[in-house]
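First the structure, in the form of structure tokens, and then the observations on it.
The values are calculated or read from the model by the stated rules, or taken from the named source; none is laboratory data. Since the structure is predicted, the reported quantities are computational estimates derived from the model, not experimental observations. Heads up, the Cβs are rebuilt from the backbone with ideal geometry, glycines too, and the neighbour counts pull from every protein chain shown. Surface areas here come from the heavy atoms of the whole protein model, side chains and all, with no ligands, DNA or RNA. Shrake-Rupley method; radii C 1.70, N 1.55, O 1.52, S 1.80 Å.
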Amino acid sequence: MSGPVETEEVGPHDELVEQLTETLPEWLPTQRWFGGKDRDVSAVRALSWTPLLDGDPLLLHVVVEVEQADRAERYQLLVGSRQHQVPDVPASASIGVEAGFTCYEATGDADLTSCLLDSIAGGVQIGHLRFEAEPDAELDTGLRAHPITTEQSNTSLVYGRQYILKLFRKLTPGVNKDLLLHRALWKLGSPHIAEPLGAISGEIDGEEFTFGMLQRFMPDAADGWVMASTSVRDLMADGSGLPPEELGGDFAGEAYRLGKAVANVHADLARALGSQEAHAAELEGSSAAMIERLDRIAAEVPELGPHVERLRSAFRKVADLPSPITVQSVHGDLHLGQVLRTVQGWLLLDFEGEPAATLAERTALRSPLRDVAGMLRSFDYAAHQLLVGQPHDEEQEERALSWARRNRSAFCDGYGKASGADPREQADLLLALELDKAVYEVAYEHANRPDWLTVPLSSIARMLSEGE
Amino acid sequence: MTTLQNPRGDRMHDDTAPDSELVGLEDTPHTGESIADDGTLVEPQAGDFAHAKQAPDDPEWFKRAVFYEVLVRAFADSDGDGTGDLRGLASKLDYLEWLGVDCLWLPPFYASPLRDGGYDISDFRAVLPEFGTVDDFVYLLEEAHRRGIRVITDLVLNHTSDAHPWFQASRQDPDGPYGDFYVWADDDSGYPDARIIFVDTETSNWTYDPVRGQFFWHRFFSHQPDLNFENEDVQEAMLDVMRFWLDLGIDGFRLDAVPYLFEEEGTNCENLPRTHDYLKRVRATIDREYPGRVLLAEANQWPSDVVEYFGDPKVGGDECHMAFHFPLMPRLFMAVRRESRFPISEILAQTPEIPGGAQWGIFLRNHDELTLEMVTDDERDYMYREYATDPRMKANIGIRRRLAPLLGNDRDQLELFTAMLLSLPGSPVLYYGDEIGMGDNIWLGDRDAVRTPMQWSPDRNAGFSRSDPGRVYLPPIMDAVYGYEAINVEAQAANDASLLNWTRRMIQVRKQHAAFGEGEFVDLGGSNPSVLAYKRVLRREDGDEDVVLCVNNLSRFPQPVELELGEHEGATPVELTGSVRFPRIGELPYLLTLPGYGFYWFQLAELEDESERRSMT
């Protein structure tokens, strides 16, 4: 068993890495997956570097620590480096010329990335990096990969039409929750996830990290957001004035099946990883956290002002809920973009939790209703997406609402059918969780997409008036 | 009341004669016109008629063929009596050859009281008099074969009309040669687990016959007694019926209601092993005595059950050569209405492999209505359970309408549906009139709505018949949109841009690529659910592959799609209707954009650079 590689052992690349760390503060903020775009990068320090392919071309696995004022985050990089035959990568991937080598972000270089899959299949260790296939997984090798373009905070490579390797960009110590939950669900035979096939992990400064997860790729799949958008598009373009249930594009059947799938995943997670009871003190804590978040965001977003009092009272009700309530491992960031429709049915993806949440928040036990609330919010978004930036149109607004009502209700019906408990029976908790999510959306839209701010704001207004 | 010649040769009227209910056959040979001394009915033999020359030898013709379902009654009237007939159909063979049809499927044209659209056969060896005679049928076969067109027809093995002389003899003489031809019982308690199929009209599968004083078994209408296949004489008699037509030159049969031939206590009396055994016997007879003729199973069941009717895959199939893929058709409509490929992808993913010598038959519309209620107790089937709960779709799919009205007469959708019909796995079956976008008449009885006269020209009776308009069996469509003055073969043949000429062109393109008929089907999926993309891959004997790529936009809106075609990196997609070269496939997903309801057919070809090609010239 070889231990972590001492940096001295890969000495030949020290100079290259040192030059890289000087270029990275400028380069990192240009990358989509970089999570710290809100402030300048003060310094980048390399924590480990491991040559996966040596010579020319060179493929270097690098973990850096990025300092931004009082914050320090770890990121994973794959750096390609060549003197000759530099591949045709986009300009944004180019990091610069260091020590006579052209350095670039290498996930788009299929000549280099095929070694990742082959290493997993071979179960090899390179430096501190462990490449492992899951027990029972049989992998084809020699496949070339290309990155998918829709990924936000990580980078995923698709090998052939068979596998997808997700490289986690921002790293947190410990076995990655996504990998952990996939393994637990797969062990129970859950039909609602893509089969986990392998992982890349390693140790830095004595701490365990997950760098990548290999899964079965579903070439036949379409994601839930696209599926729902198809239905919304059909409704909005329809001139007949018929309600959503009368139109061919009706999505309620899918929403119902999706609700069942989510409920089944929750049941399996509870079975695999257990559930606990949250008592009055924890409920009070949750309530206080919601109110704290509300106050913080309301201070920045004046549009939230008119709702603050009623929001507070909705959040306060959480503290008074009859306790205990059951909490367990949940998805944590469930929305239509995190589910896939395949010919076998719905799958759930990305069990990492909210990208902005801390590790403690991500791994905390949650009420499954938090996932339900996330999905309900997503139906609202899907329904209203075509109205964003358009002049106000009462009739279209009403149609969007009718779509959202119908599909939210179908989702809850399906969830209740599979779980035996209709989530709407816990009305106060569900309302608070939805409102909490909507308040978070307000902050996000205010900072990133002001046009969209009306979507969560009008939802909040509606939920509060309906909740009374 | 009928006139018949008894075995002694003198003519007499006799209500109790075995053919007493056969009408209009006085002047033509038919079953039951005479009786042998042992009580056996004398039946016409193939040797009594001329035989048609066979179509060119090609044992696997059905795998690539384009079928065309045509109702004899509805196509062309040769004698001016207002009803289409076999001679009339024969006079239109030039049109069908021009269109590119390889095989006609004729619903039953046998002698029948027509209480079930001719599926109630009262004489397997006689033609319904208004359609003509057996000689007329031989003439049709001869003319069709001369043009390379084959002809198959429906044959109902399971039951006969109660007017069939066999039944008449059976009820009157329990101890005679036909006494055991039907399933008789002293009470109605047998086979309680068999469902009643026509629940609207029937209350039991047993009906009491006062003549014989016993109950007889029927899975369908009470005027259609089931034949008793336990009886070796029945098994042989039905083989002889097939031999009769095969000797005359027919190219095969669509076997109606095949799951119900045998009954067994404690079962639902469907798909029983002995039913399959008999079909194997029929197939062996065909293979031995009439190679190249086909059997097409009508089993309105889930594909996983229907594949049983192809027989043993280890020998390439030893029952029926073909079977209709029923669940695909409603899903095509659902998919386009939902702008989602999943209804189609799912049912094809659940369709099992079929034996090497077998082929599906697929269709958009036919002479019957279609519903999603295919089987009642198929709990394991995800599709049925999930989609039957969408009532709106069910109501919209289970209706009796023609293709064009179902699609709102939208030319783009008509083309998309036809393109899918011609490119999905299976041999396509066109329904007469759909190639010109004929309409229907929902004010006629529901089944007649889609059975109106073929519209040949803007002339009287749509050019279908020279008769007095009041005498035509059903009025031709006359509304402003679909009426025969606007929609007819003559006008569309003269217009290069017509649906008819477009359909003909697509059939031609299909015929140029065997991959459409015999290629493996590979669903390509993709991130856009509104685009259905698949390839058909045919591995030739020399090891090379013919690959046809089909991309269909199920949405009314334009759509982009990125296809994973990495396996074909370096190949050039060549569009099949115009030979237009598209950009070469690279390592990255292949981007295509499609207009609303648009589709592409490509051949994936290994081509040299366009620039090299130019420099060569």
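A quick yes/no check of all residues on (1) buried (at least 20 other Cβ atoms within 10 Å of the Cβ); (2) at pLDDT 85 or above:
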position: B:T3; (1), (2): no, no
position: B:P7; (1), (2): no, no
position: B:H13; (1), (2): no, no
position: B:H30; (1), (2): yes, yes
position: B:A36; (1), (2): no, yes
position: B:T40; (1), (2): no, yes
position: B:P44; (1), (2): no, yes
position: B:F49; (1), (2): no, yes
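Does region B:532-555 contain at least one residue that is acidic (D, E), part of a loop (DSSP other than H, G, I, E, B) and surrounded by 13 or more Cβ atoms within 10 Å (Cβ to Cβ)?
Scanning region B:532-555, I find no residue that is acidic (D, E), part of a loop (DSSP other than H, G, I, E, B) and surrounded by 13 or more Cβ atoms within 10 Å (Cβ to Cβ), so the answer is no.
When A:M227 is evaluated against the numbered criteria (1) more than 9 Å from chain B (Cβ to nearest Cβ); (2) crowded, with 23+ Cβ neighbours inside 10 Å; (3) touching a Leu at 6+ places or on another chain (Cβ under 8 Å), which criterion, by number, is the only one it fails?
(1)
Select from region A:236-278 the residues that are under 26 Å from the mean Cα position of the chain (by Cα) and either of a type in the set (F, W, Y) or part of a loop (DSSP other than H, G, I, E, B) (or both) and write down the one among them that is surrounded by the fewest Cβ atoms within 10 Å (Cβ to Cβ).
Looking at residues that are under 26 Å from the mean Cα position of the chain (by Cα) and either of a type in the set (F, W, Y) or part of a loop (DSSP other than H, G, I, E, B) (or both), I get A:G274.
Quick one: A:A281 ticks every box in (1) over 21 Å from the mean Cα position of the chain (by Cα); (2) of a type outside the set (D, E, K, R); (3) closer than 30 Å to A:S201 by Cα; (4) open to solvent by 60 Å² or more (accessible area, probe 1.4 Å) bar one, so which box is it?
Condition (3) is where A:A281 drops out.
I'm trying to understand the selection: among the residues of region B:572-588, which are surrounded by 19 or more Cβ atoms within 10 Å (Cβ to Cβ) and either within 14 Å of chain A (Cβ to nearest Cβ) or within 29 Å of A:Y159 (Cβ to Cβ) (or both)?
Scanning region B:572-588 gives B:T572, B:P573, B:I585.
Would you pick out the residues in region B:59-83 that are in contact with a Gly (Cβ under 7 Å, 6 or more places away or on another chain) and either free of Cβ contacts under 8 Å to residues at least 60 places away in the same chain or acidic (D, E) (or both)?
Residues satisfying the conditions are B:V72, B:D77, B:S78.
Is region B:125-144 home to any residue that is in contact (Cβ under 8 Å) with a residue 24 or more places away in the chain, under 19 Å from B:A297 (Cβ atoms) and in contact with a strand residue (DSSP E or B) (Cβ under 9 Å, 6 or more places away or on another chain)?
no
So which of B:L239, B:L261 ends up being open to solvent by less than 10 Å² (accessible area, probe 1.4 Å), closer than 20 Å to B:G292 by Cα and aliphatic (A, V, I, L, M)? So that I can check it myself, show each step before the final result.
Values: B:L261 fails: closer than 20 Å to B:G292 by Cα.
Exactly one of B:L239, B:L261 is open to solvent by less than 10 Å² (accessible area, probe 1.4 Å), closer than 20 Å to B:G292 by Cα and aliphatic (A, V, I, L, M), namely B:L239.
If B:V101 satisfies all but one of (1) out of contact with any strand residue (DSSP E or B) (no Cβ under 7 Å at 6 or more places or on another chain); (2) part of a loop (DSSP other than H, G, I, E, B), what's the number of the condition it fails?
So the condition that B:V101 fails would be (1).
Out of all the residues in region A:307-339, which are in a helix (DSSP H, G or I), in contact (Cβ under 8 Å) with a residue 24 or more places away in the chain and of a type outside the set (A, V, I, L, M)?
Of the residues in region A:307-339, the ones in a helix (DSSP H, G or I) are A:307-319, A:336-338.
Those left that are additionally in contact (Cβ under 8 Å) with a residue 24 or more places away in the chain: A:307, A:310-311, A:314-319, A:336-338.
Result: A:H307, A:R310, A:F315, A:R316, A:K317, A:G337, A:Q338.
Evaluate region B:253-269: report whether one residue or more is farther than 29 Å from A:G248 by Cβ and touching a helix residue (DSSP H, G or I) at 6+ places or on another chain (Cβ under 6 Å).
yes
With the requirement that a residue be more than 14 Å from chain B (Cβ to nearest Cβ) and either of a type in the set (A, V, I, L, M, F, W, C) or closer than 15 Å to A:E277 by Cβ (or both), what does region A:323-343 give you?
Correct list: A:S323, A:P324, A:I325, A:T326, A:V327, A:Q328, A:S329, A:V330, A:L334.
So if I check each of B:E562, B:E567, which one is open to solvent by 70 Å² or more (accessible area, probe 1.4 Å), in a strand (DSSP E or B) and under 29 Å from B:Q350 (Cβ atoms)?
The unique qualifying residue is B:E562.
Of the numbered conditions (1) more than 26 Å from the chain's Cα centre (by Cα); (2) in a strand (DSSP E or B), B:S527 fails exactly one; give the number of that condition.
The failed condition is (2).
Among the candidates A:D178, A:D111, A:D140, A:D136, single out the residue that is open to solvent by 40 Å² or more (accessible area, probe 1.4 Å), more than 14 Å from chain B (Cβ to nearest Cβ) and either touching a Pro at 6+ places or on another chain (Cβ under 7 Å) or outside any strand (DSSP E or B) (or both).
A:D136
Which pairs do you get when a residue that is acidic (D, E), found in region A:80-98, comes within reach of a residue that is surrounded by 18 or more Cβ atoms within 10 Å (Cβ to Cβ), reach meaning Cβ atoms under 7 angstrom, with the pair 6+ apart or on two chains?
Note: pairs meeting the criteria are A:E98/A:L16; A:E98/A:L20.
Looking at region A:230-243, which of the residues that are closer than 21 Å to A:R377 by Cα and of a type in the set (S, T, N, Q) is nearest to the other protein chains (Cβ to nearest Cβ)?
A:T230
So how many residues does region B:430-463 have that are among the charged types (D, E, K, R) and under 16 Å from B:V70 (Cα atoms)?
Final tally of qualifying residues: 6.
Within region B:405-429, how many residues are at pLDDT below 95, assigned to a helix (DSSP H, G or I) and under 20 Å from B:Q492 (Cα atoms)?
Summing the residues that are at pLDDT below 95, assigned to a helix (DSSP H, G or I) and under 20 Å from B:Q492 (Cα atoms) in region B:405-429 gives 1.
Let's see how each residue does on (1) more than 13 Å from chain A (Cβ to nearest Cβ); (2) at pLDDT 90 or above; (3) within 21 Å of the chain's Cα centre (by Cα):
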residue	(1), (2), (3)
B:M334	no, no, no
B:R337	no, no, no
B:R341	no, yes, no
B:E346	no, no, no
B:P355	yes, yes, yes
B:Q359	yes, yes, yes
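Being away from chain A (no Cβ under 14 Å), open to solvent by 50 Å² or more (accessible area, probe 1.4 Å), more than 23 Å from B:M322 (Cβ to Cβ) and modelled with pLDDT of 95 or more: is that true of B:A494 here?
yes
Evaluate region A:200-218: report whether one residue or more is at pLDDT below 95, within 26 Å of the chain's Cα centre (by Cα) and within 12 Å of another protein chain (Cβ to nearest Cβ).
Checked region A:200-218: at least one residue is at pLDDT below 95, within 26 Å of the chain's Cα centre (by Cα) and within 12 Å of another protein chain (Cβ to nearest Cβ).
Applying the selection to region B:119-163, what residues are touching a Cys at 6+ places or on another chain (Cβ under 9 Å) and among the basic types (K, R)?
B:R150
Inside region B:497-524, can you point out the residues that are assigned to a loop (DSSP other than H, G, I, E, B), more than 30 Å from B:Q350 (Cα to Cα) and open to solvent by 40 Å² or more (accessible area, probe 1.4 Å)?
Matches in region B:497-524: B:A497 only.
Please work out which residue is farthest from the other protein chains (Cβ to nearest Cβ), limiting yourself to region B:315-332 and to residues that are part of a helix (DSSP H, G or I) and open to solvent by less than 10 Å² (accessible area, probe 1.4 Å).
Taking the candidates together, the pick is B:M329.
Name the residues in region B:321-360 that are farther than 23 Å from A:L247 by Cβ and in contact with a Ser or Thr (Cβ under 6 Å, 6 or more places away or on another chain), would you?
Matches in region B:321-360: B:P352, B:Q359.
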